[in-house]
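**Student:** Sharing a structure here in structure tokens format.
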Amino acid sequence: MPTLLSADEAAYIVRHSGAQTLLDDATFAAIAHGSADTAGVQAWEIARLGADEVEPVDTYAHREAEDVAVVFYTGFTAGS
């Protein structure tokens, strides 16, 4: 989800996508939990799920910290 959205804008995407649960990083917890509350879904902070205690599985292409990765939601949000 784009990180520059307000909680209301993010809630629209959560509702429109049909998501039932939202996972977030502590950096965006306020917006994530606000949007989840507005959308009526659960929100979980990833670190609270014990993800920091689990050794990552290396089954993906190695990337550097400077590499850019963005996922764009393609739902129509104009005028909402």
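The values are calculated or read from the model by the stated rules, or taken from the named source; none is laboratory data. Every value quoted in this text rests on a predicted model; they were computed, and no experiment measured them. No Cβ is skipped: glycine too gets one built from the backbone with ideal geometry, and neighbour counts run over all protein chains shown.
**Student:** Taking only region 1-30 into account, find how many residues are of a type in the set (Val, Ile, Thr), out of contact with any Leu (no Cβ under 7 Å at 6 or more places or on another chain) and surrounded by 14 or more Cβ atoms within 10 Å (Cβ to Cβ).
**Tutor:** Qualifying residue count, region 1-30: 1.
Here is a yes/no grid of residues against (1) of a type in the set (A, V, I, L, M); (2) assigned to a loop (DSSP other than H, G, I, E, B); (3) at pLDDT 90 or above; (4) touching a His at 6+ places or on another chain (Cβ under 8 Å):
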{"residue": "Ala19", "(1), (2), (3), (4)": "yes, yes, no, no"}
{"residue": "Thr27", "(1), (2), (3), (4)": "no, no, no, no"}
{"residue": "Gly34", "(1), (2), (3), (4)": "no, no, yes, no"}
{"residue": "Ala47", "(1), (2), (3), (4)": "yes, no, no, no"}
{"residue": "Pro56", "(1), (2), (3), (4)": "no, yes, no, no"}
{"residue": "His62", "(1), (2), (3), (4)": "no, yes, no, no"}
{"residue": "Ala65", "(1), (2), (3), (4)": "yes, yes, no, no"}
